[in-house]
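Q: Have a look at this one before I ask anything.
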Amino acid sequence: GQKEGSSSAATPEEGGAKRSCHDGPGLVTSLESISYQIDGGLRHVEPYDFDFTTHVKQRWVGRTLLEVFSKEFVAYSAEYYQASIEAGRVTVNGQKVSPGHELRDGERIVHRAVRCRENPVLDRGLIRVVAETKELLVVSKPSSLPIHPCGSYRYNSLIALLRAQGTVAPGAELFTTHRLDRLTSGLVIFAKTKAAARQVGAWFQGSEIRKTYLARVRGSFRELIDSVSGLGGGEGQRTDGAALPAGVTLASEGRIRLNGFIQCIDHKVGKYVYAFERPTVGEEAKDAETQFEFAGAAPNGESVVRCFPSTGRTHQIRVHLNHLGFPIANDSCYGGELRGDPSLPLIPHVRQAHNGVDGEVLEEEAAETTMHPSGIFLHALTYRLPDDEFTSETPLWAEESESGG
């Protein structure tokens, strides 16, 4: 499966009130025609054909079909798109056209992608339902799978798997109320109605939901807490004499607070940085605050940390821990190392075949895979709503810690 761009309209299958992947195509193909294979602890989706459907946007009018596909949809190469248009696998209003066809307002474009392949995800058995009410469905998401169909994940997404295992009826609507990164595990709150989605979404936006995450970081986090508490080093210094990171203060006994701003520096790869003062150049920065407690020592000189984000910025906890000098140990995007772990192994990512002119996958290209993390040591443990509280299980990587109180 491929991310075609932001052209596909959201369908009831994808949710609606708030979206995690704003440009994932809808689940057009029926789940009945999809075959899952479980192998070595991984869930694979058998290759399938998929119709990407979009309508001509205003900015495309007067441009050629090939130009729009090449510029707007980066999933495949320009050569692939030219061959697909010439072979009739890309149609406009149901008709075969030439690559030079000039697009007109309102035209309907369908691209039939042949033998789409998805990245495998961790198979942890049935997705665990934490709580269910008339208005909410709260589940514990394993790491490695996104909430919504997006990129090379369509049927290996949380919503699709909840439908596949029968937790959500085929025709029932489901709305997301917040984000949770693909590599992060833990609580996800779905709403069953638009009204509930609006309410819970407003609570998240207004910081009225108290969130507790667990993270496992490099180094002794207790030493940082002691330093900020004024135990050991001089004022403004760590116990080892180094300066304390900018923006960190003592919140209460045993708990520190990090204030500042988070700014996106690379949209293509989704990379964010911390800034103590609001940056005056680049993308708009957003204020962000997280509090942290030491939860226990872990193997390899690592620490388990309780994280309490009071804002919900993208990659907030990951960026904040990296700024503090205690990156999540296996988060290679933010200061950690790329490594396999017994509970979070490295898993292969497929590479889509882009040049099979006749629609067939080229074997030598299909065989190429790269290893990627299946998750990071970050878990959404507890959400306290104004009128309820939900808690998920503690992950294996956090259970190994010796309690820090």
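Residue by residue, here is whether (1) crowded, with 18+ Cβ neighbours inside 10 Å; (2) in contact (Cβ under 8 Å) with a residue 60 or more places away in the chain holds:
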{"site": "A83", "(1), (2)": "yes, yes"}
{"site": "E102", "(1), (2)": "no, no"}
{"site": "G106", "(1), (2)": "no, no"}
{"site": "C116", "(1), (2)": "yes, yes"}
{"site": "N119", "(1), (2)": "yes, yes"}
{"site": "G125", "(1), (2)": "no, no"}
{"site": "V129", "(1), (2)": "no, no"}
{"site": "E135", "(1), (2)": "no, yes"}
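Q: Give me a count of the residues in the stretch 174-202 that are surrounded by fewer than 18 Cβ atoms within 10 Å (Cβ to Cβ) and not basic (K, R).
A: Of the residues in the stretch 174-202, 3 are surrounded by fewer than 18 Cβ atoms within 10 Å (Cβ to Cβ) and not basic (K, R).
Q: Which condition breaks for R154 when tested against (1) under 26 Å from S35 (Cβ atoms); (2) surrounded by fewer than 23 Cβ atoms within 10 Å (Cβ to Cβ)?
A: (2)
Q: For a quick check of your reading of the model, give me the residue pairs whose first member lies in the stretch 297-326 and is closer than 22 Å to S227 by Cα, whose second is buried (at least 24 other Cβ atoms within 10 Å of the Cβ) and among the charged types (D, E, K, R), with beta-carbon atoms closer than 6 Å and at least 6 apart or on different chains.
A: These pairs meet every condition: A298/R216; E302/R216; V304/R216; R318/D331.
FYI, it's all coordinate maths here, none of it is from the lab. For clarity, every value in this text was computed on a predicted model and none was experimentally measured. Note that each Cβ is placed from the backbone with ideal geometry, even for glycine, and that neighbours are counted across all protein chains shown.
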